[in-house]
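Chemist: Below is one structure. I have some questions about it.
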Amino acid sequence: MKLTRTDRILLIIIIAVGAILRLWNLPNVPFTYDEFSALFRTQFDSFSDLITYGARIDGHPVGIQVFLYYWTQIFGFSEAWVKLPFILAGLASVYLIFRISWNWFGRSTAFLSASAMAFMQFPLIYSQISRPYSSGLFFVLLMVFFWSRLLFDKEKEYWRSFAGFVLGAALCTYNHYFSALMVVIVGMSGLFFVRGKFMWRYLLASALIMILYIPHFEIFLHQISLGGVEQWLAKPTPAFFKDYMRYIFHFSWPLYVGSLLLLHVGYIRGAVLRKHKWNKYFTLVIVWAVLPALIGYLYSIKVAAVLQFSVLIFSFPFLLMFLFGFFQLQKIRLTNILVIVFSLGLIITLIFERQHYKMFYNSHLEQGFAEVKNMEAQYDPAKTLVVYTVREEIAEYYSDEYKISGDQKFINYDSLQNIKVLTAELMSGKYDYVCLISPDPVLYRQISTLFPLVIKSRHLDQGGFYVFSKEESEESPDYYYSSDLLFNKDLNQNWNINTDCIIKDTLTGEEYFQMHPGLEYGLSLVLPFDSILKSRMDYPEATAWVYLPDSLGEANLTMTIERDTSMIMFRAFPINTETVPVKQWVPVSGALFLPDNNADFDNTIMKVYIWNNGSSVRIKSMHVDFREGNKVLYWIVKGRQK
């Protein structure tokens, strides 16, 4: 079936609108952390050093790293130029899924699949990220396009299809290990269809793909020995797949319902009314859509965590073909109307419900340093301390881009040996304002204890920017529950205290709690956690003002969430000479980070207490609060949280 003039116009419109959505304000699409990491690993004087120190140590094949090495030598580190090839790969993928769907399922499936590829945020956002996802999507579709011609259209330029299949598969193997997995799955699928002399040619193509991979094989063995990324990626649960479907459909109920309706109607037409029959293409797309996710899930559970939404982009086209494959309409005008309505639904939810251009274009990495620059006109930079938890190279990149004066004091918390250094800087009296560029609730708590007035608070995807002042503040608007332990005031509800350990300072008249080496516990707070917590994105925080009289022993500010006899969360924040100075009253802060915990919090309690191990620490006061959290912290993969 050939494309009509109307078909070509509709396809051009879909690709053109997809291009506009991807290229919109391109120079201001910020780099992600992963992009920075890859770009900083291109700064080598030789190809050998690039492979040894820039690519081999990573968990990905070297293909994209090598490409970025040469691309940035020509075009530099400009966001627009670095991202452009990946945007073009994303647009080419729209065309390829259209061609494959047209050949396998027909007109309706082709246009619906192309629209989804053009306008869904999942493929769109990875087109704007210069990592091996949009490129791998293109390589997989390129491989499958020529694979299909090689096996099912043998009379059409066979050797051209042969070369295209080998090239596409080889690029997949050098791109990402999940795109390489697609090569194995697609390649093995072909064995069920080739016969006779074509079997030997197919085996020759497979052999060539393996030969082309030989230079990378040693690197593969080294990288596979590194394990997964469980230091930051949790093992998936069965809920992963439900969350994945919510993610690809923009967390929008109308899109869920509409897509399921298309699937349901298509199934009825195919299975019940017998408008069309199940064929080999349906089998292929369901296997190719499900098998990579299943392998990734089992590997993550049994070996090491690797499964995340991004790695499923390589099998994503086949999920679309399965969803829309049954839906075939004979009336062209009805198909066109359906495609337009579906496309408008995707575009509207992308822009207004998902707020793609507001959220993704305002990276906490970039916006934090942009805000620091803006502050120079309002506040004395010499009286401003900037604390951040990003790589030093990223801080330098944005400091140069925004021409920050440098009169501020900058502290990269990740480079400090311990929090004692930061506490000393905060208590030095040199600063009137502190800026925090970080999602870390413990840093927020420690800074806000000493600089209690929050002048500015910006919650952003994957982080935030906050400005604190020394001015006194009765309470922060972010706190919706507080419990204070002050020994000279009657505010000790829910606290359990060994009153024999309360001592009054004869010089100041202040009372404090005196631990002694043989006392393991002496004061604690127990709260009904599930009835206080409003959102899983919120932060339970605690601060203890402590005094270490000597360097003997240590204690911990401890926070737990428990149900009956089971421990759901446990965090201990040390109180010793590495974290606090001797013979000085200082705050020690702690917080529980809930968003990464998938546990059920029903019928739970929270305990906050001092756990002592041989120290004589004194406690002047303790404060426990629940703070409203960042509801868009995981906006990309979880949407806006309640």
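Chemist: From the list Lys620, Lys631, which residue is open to solvent by 10 Å² or more (accessible area, probe 1.4 Å), touching a residue at least 60 places away in the same chain (Cβ under 8 Å), out of contact with any helix residue (DSSP H, G or I) (no Cβ under 6 Å at 6 or more places or on another chain) and under 30 Å from Phe249 (Cβ atoms)?
Modeler: The unique qualifying residue is Lys631.
Chemist: Next question, about the same structure. Which residue pairs have Cβ atoms closer than 8 Å, lie 6 or more positions apart in sequence or on different chains, and pair a first residue in the range 189-204 that is charged (D, E, K, R) with a second residue that is open to solvent by 50 Å² or more (accessible area, probe 1.4 Å)?
Modeler: If the second residue must be open to solvent by 50 Å² or more (accessible area, probe 1.4 Å), no pairs are left.
Chemist: Same structure, new question: Do you know which residues across the range 292-335 are surrounded by fewer than 18 Cβ atoms within 10 Å (Cβ to Cβ), aliphatic (A, V, I, L, M) and touching a residue at least 12 places away in the same chain (Cβ under 8 Å)?
Modeler: Ile295, Ile301, Val303, Ala304, Ile332
Chemist: Going by what's in this entry, would Leu137 be described as closer than 17 Å to Ser101 by Cβ, aliphatic (A, V, I, L, M), in contact with a Leu (Cβ under 6 Å, 6 or more places away or on another chain) and at pLDDT 95 or above?
Modeler: Against the criterion (closer than 17 Å to Ser101 by Cβ, aliphatic (A, V, I, L, M), in contact with a Leu (Cβ under 6 Å, 6 or more places away or on another chain) and at pLDDT 95 or above), Leu137 does not qualify.
Chemist: Something else about it: If you check Phe178 against the conditions, is it of a type in the set (Phe, Trp, Tyr), closer than 26 Å to Ser310 by Cα and open to solvent by 20 Å² or more (accessible area, probe 1.4 Å)?
Modeler: yes
Chemist: Now for a different question. How many residues does the range 107-134 hold that are open to solvent by less than 10 Å² (accessible area, probe 1.4 Å), over 19 Å from Trp24 (Cβ atoms) and part of a loop (DSSP other than H, G, I, E, B)?
Modeler: 1
Chemist: Turning to a different aspect of this structure: Could you check the range 478-494 and list, in sequence order, the residues that are over 30 Å from Val467 (Cβ atoms) and at pLDDT 90 or above?
Modeler: None; the set is empty.
Chemist: Could you please find all residues in the range 377-408 being in contact (Cβ under 8 Å) with a residue 12 or more places away in the chain, part of a loop (DSSP other than H, G, I, E, B) and under 14 Å from Lys456 (Cβ atoms)?
Modeler: Matches in the range 377-408: Tyr379 only.
Chemist: Given the residues Ser566, Ser535, which is the only one that is under 41 Å from the mean Cα position of the chain (by Cα), of a type in the set (Ser, Thr, Tyr) and within 28 Å of Gly463 (Cα to Cα)?
Modeler: Answer to the selection: Ser535.
Chemist: Still on this structure, please answer the following. Which one of Glu376, Glu366, Glu353 is surrounded by fewer than 20 Cβ atoms within 10 Å (Cβ to Cβ) and farther than 23 Å from Tyr244 by Cα?
Modeler: Residue meeting the stated conditions: Glu376.
Chemist: Separate question: Here's a check for you: in the range 181-212, which residue that is over 32 Å from the mean Cα position of the chain (by Cα) and of a type in the set (Val, Ile, Thr) is surrounded by the fewest Cβ atoms within 10 Å (Cβ to Cβ)?
Modeler: Ile211
Chemist: If you don't mind, there's one more thing I want to ask. Failed condition for Ile13, given (1) surrounded by fewer than 17 Cβ atoms within 10 Å (Cβ to Cβ); (2) part of a loop (DSSP other than H, G, I, E, B), with all others met?
Modeler: So the condition that Ile13 fails would be (2).
Chemist: Please tell me if Lys403 is basic (Lys, Arg), more than 21 Å from the chain's Cα centre (by Cα) and farther than 20 Å from Leu633 by Cα.
Modeler: yes
Chemist: Look through Val186, Val194 and report the one residue that is β-branched (Val, Ile, Thr), more than 27 Å from Val637 (Cα to Cα) and part of a loop (DSSP other than H, G, I, E, B).
Modeler: One residue alone meets the criteria, Val194.
Chemist: Take the conditions of a type in the set (A, V, I, L, M), farther than 29 Å from Tyr444 by Cβ, in a strand (DSSP E or B) and open to solvent by less than 80 Å² (accessible area, probe 1.4 Å) and apply them to Ile503. Does it pass? Please lay out each step first, then the result.
Modeler: Values: of a type in the set (A, V, I, L, M): yes; farther than 29 Å from Tyr444 by Cβ: yes; in a strand (DSSP E or B): yes; open to solvent by less than 80 Å² (accessible area, probe 1.4 Å): yes.
For Ile503, the condition - of a type in the set (A, V, I, L, M), farther than 29 Å from Tyr444 by Cβ, in a strand (DSSP E or B) and open to solvent by less than 80 Å² (accessible area, probe 1.4 Å) - is met.
Chemist: Does Arg246 satisfy the criteria of being assigned to a loop (DSSP other than H, G, I, E, B) and either surrounded by fewer than 19 Cβ atoms within 10 Å (Cβ to Cβ) or hydroxyl-bearing (Ser, Thr, Tyr) (or both)?
Modeler: Here the answer is no, as Arg246 does not meet what is asked.
Chemist: If I ask for residues that are aromatic (Phe, Trp, Tyr) and buried (at least 18 other Cβ atoms within 10 Å of the Cβ), which ones from the range 28-63 would you list?
Modeler: Those that are aromatic (Phe, Trp, Tyr) and buried (at least 18 other Cβ atoms within 10 Å of the Cβ): Phe31, Phe36.
Chemist: Take Val442 and decide whether it is among the hydrophobic types (A, V, I, L, M, F, W, C) and free of Cβ contacts under 8 Å to residues at least 24 places away in the same chain.
Modeler: No, not satisfied.
Chemist: Looking at (1) in contact with a Leu (Cβ under 7 Å, 6 or more places away or on another chain); (2) at pLDDT 95 or above; (3) not basic (Lys, Arg), can you tell me which one Val586 breaks?
Modeler: (1)
Chemist: Still on this model: Considering only residues of the range 529-576 that are outside any strand (DSSP E or B) and of a type in the set (A, V, I, L, M), which is surrounded by the fewest Cβ atoms within 10 Å (Cβ to Cβ)?
Modeler: Leu552
Chemist: Another one. In the range 409-446, which residues are part of a loop (DSSP other than H, G, I, E, B) and either among the charged types (D, E, K, R) or open to solvent by 20 Å² or more (accessible area, probe 1.4 Å) (or both)?
Modeler: Leu416, Gln417, Asn418, Met427, Ser428, Gly429, Lys430, Asp432, Pro439, Asp440
The values are calculated or read from the model by the stated rules, or taken from the named source; none is laboratory data. This one's a predicted model, so the numbers in the text were calculated from it and none came from an experiment. Every residue, glycine as well, gets a Cβ built from its backbone with ideal geometry; the counts of neighbours run over all protein chains shown. Calculation scope for accessible area: heavy atoms of the full protein, side chains included, ligands and nucleic acids excluded. Shrake-Rupley method; radii C 1.70, N 1.55, O 1.52, S 1.80 Å.
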